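*Asks:* Encoded as structure tokens, here's the structure I'll be asking about.
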Amino acid sequence: MTDFVAVWDVALSDGVHKIEFEHGTTSGKRVVYVDGKEEIRKEWMFKLVGKETFCVGAAKTKATINIDAVSGFAYEYTLEINGKSLKKYMENRSKTTNTWVMNLDGEDFRVVLEKDTMDVWCNGKKMETADEFVDDGTETHFSVGNHDCYIKAVSSGKRKEGIIHTLIVDNREIPEIFK
């Protein structure tokens, strides 16, 4: 029997990671799993509240689970990513990344553009890219299998909107997913 008290799904550039937390409120046991793999195990803890910090994903993103007493023997568990609450982190992330999901040759692919670095990730792997200036903006070219892909960056012409990024695969536009 396990004492799972919290489960979170965290979308990072290299994919969506599942974080599970086990907390034995009588023994003080704490176990953190990332994608089903045990990251931290502490068997006997006299202090039932506190923090557990670990890394998630290929970029070793810092994550912290906060354990706080609410009342009596009730506890609240919150997840922070890079020092921000999960909600704030995901809101900020939606401003700094674009994500597309597509199916090619019967296989699902998740493509993520990190706008600050222009790194492109596909199914957890950082892609080799080639950048090209074109008349109305830039194109970042890469391949998925035998499919030619590029992310086109053009100005929206509006200061508040900034640059618009569009994924093109085999000359077809892929719609962006919105979190």
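The values are calculated or read from the model by the stated rules, or taken from the named source; none is laboratory data. What you see is a predicted model, and the numbers here were worked out from it, not measured in a lab. Here the Cβ is made from the backbone with ideal geometry for all residues, glycine too, and neighbour counts use every protein chain on show. Remember, those area values only see protein heavy atoms, side chains included, never the ligands or the DNA or RNA. Shrake-Rupley method; radii C 1.70, N 1.55, O 1.52, S 1.80 Å.
*Asks:* How long is the gain from Lys125 to Cys55 if the chain were fully straight, where each residue apart is worth 0.36 nm and the alpha carbon distance is subtracted?
*Replies:* Result: 23.5 nm gained on full extension.
*Asks:* Can you tell me how the range 81-179 classifies by the Cα gyration tensor, rounded, prolate or oblate, using a/c under 1.5 as the rounded cut?
*Replies:* Oblate, because a/c is 1.5 or more while a/b does not exceed b/c.
*Asks:* Here is a further query. Work out from phi, with θ = phi - 60° and the Karplus expression 6.51 cos²θ - 1.76 cosθ + 1.60, the ³J(HN,Hα) of each residue of the range 17-24, listed in order in whole Hz, and give x for Gly and Pro.
*Replies:* After applying 6.51 cos²θ - 1.76 cosθ + 1.60, I find 10, 9, 10, 10, 10, 10, 9, x Hz.
*Asks:* If you don't mind, another one. So what is the relative contact order of the range 1-130, in percent, for Cα pairs below 8 Å that sit 6 or more residues apart? Write out the running numbers ahead of the final one.
*Replies:* Working: 237 pairs, mean separation 20.8, N = 130.
It rounds to 16 percent for the range 1-130.
*Asks:* For the chain, give the percent of accessible area contributed by carbon and sulfur heavy atoms, probe 1.4 Å, rounded to a whole number.
*Replies:* Answer for the chain: carbon and sulfur cover 51 percent of the accessible area.
*Asks:* Amide H of Asp3: which non-local residues (sequence gap of 5 or more, or other chain) have their own amide H closer than 5 Å, using H built in the peptide plane?
*Replies:* HN-HN under 5 Å from Asp3: His23.
*Asks:* Explain nothing, just the number: relative contact order of the range 50-101, from Cα pairs under 8 Å at least 6 residues apart, as a whole percent. Don't skip to the end; give the middle numbers.
*Replies:* Numbers: 62 pairs, mean separation 12.2, N = 52.
So the answer I get is 23 percent.
*Asks:* Next question, about the same structure. Where only protein heavy atoms count, and the probe is 1.4 Å, what is the accessible area per residue for the range 1-101 in Å²?
*Replies:* Accessible area per residue: 55 Å².
*Asks:* Subtract the Cα-Cα distance of Ser71 and Asn92 from 0.36 nm times their separation in residues, and report this length gain in nm to one decimal. Show your work: numbers first, answer last.
*Replies:* Working: separation 21, 0.36 × 21 = 7.56 nm, distance 3.18 nm.
Working it through step by step, the gained length comes to 4.4 nm.
*Asks:* Once phi is turned into ³J(HN,Hα) by the Karplus curve 6.51 cos²θ - 1.76 cosθ + 1.60 with θ = phi - 60°, what whole-Hz value does each residue of the range 56-71 show in order, with x for glycine and proline?
*Replies:* Coupling constants for the range 56-71: 10, x, 5, 8, 6, 5, 6, 10, 9, 9, 9, 10, 10, 7, 9, 6 Hz.
*Asks:* Starting from the 7 Å offset along Cα-to-Cβ, what nm value, one decimal, do you get for the label separation of Lys42 and Ile164?
*Replies:* In this crude label model, Lys42 to Ile164 measures out at 5.0 nm.
*Asks:* Using amide H atoms built 1.01 Å from N in the peptide plane, name the residues 5+ places from Leu104, or on other chains, whose amide H lies under 5 Å from its own.
*Replies:* Phe109
*Asks:* Amide H of Asp119 versus every other amide H placed in the peptide plane: which residues, excluding those fewer than 5 positions away on the same chain, fall under 5 Å?
*Replies:* For Asp119, the qualifying residues are Glu114.
*Asks:* From the helices alone, meaning DSSP H stretches of at least four residues, give me the mean residue ellipticity at 222 nm for the chain, per-run term -39500 (n - 2.57), in deg cm²/dmol to the nearest 500.
*Replies:* -2000 deg cm²/dmol
*Asks:* Could you please report the charge total around Ala74, scoring K, R as +1 and D, E as -1 over all other residues with beta-carbon less than 15 angstrom from its beta-carbon? Walk me through the intermediate numbers first.
*Replies:* Details: positive: none; negative: Asp3, Asp68, Glu76.
Surrounding charge for Ala74 is -3.
*Asks:* Roughly what would the spin-label model give for Lys115 and Ser143, points 7 Å off Cα along C-beta, in nm?
*Replies:* 3.0
*Asks:* Right, something else. Please list 3J(HN,Hα) in residue order for the range 162-171, calculated via the Karplus relation 6.51 cos²θ - 1.76 cosθ + 1.60 where θ = phi - 60°; whole Hz, with x for glycine and proline.
*Replies:* Using θ = phi - 60°, the values come out as x, 8, 9, 10, 10, 8, 10, 10, 6, 6 Hz.
*Asks:* Based on the Kirkwood radius over alpha-carbon pairs, what value in µm²/s does the Stokes-Einstein equation return for the translational diffusion coefficient of the range 1-75 at 20 °C and 1.002 mPa s? The partial results should precede the final answer.
*Replies:* Details: Rh = 13.0 Å.
The estimated diffusion coefficient comes to 165 µm²/s.
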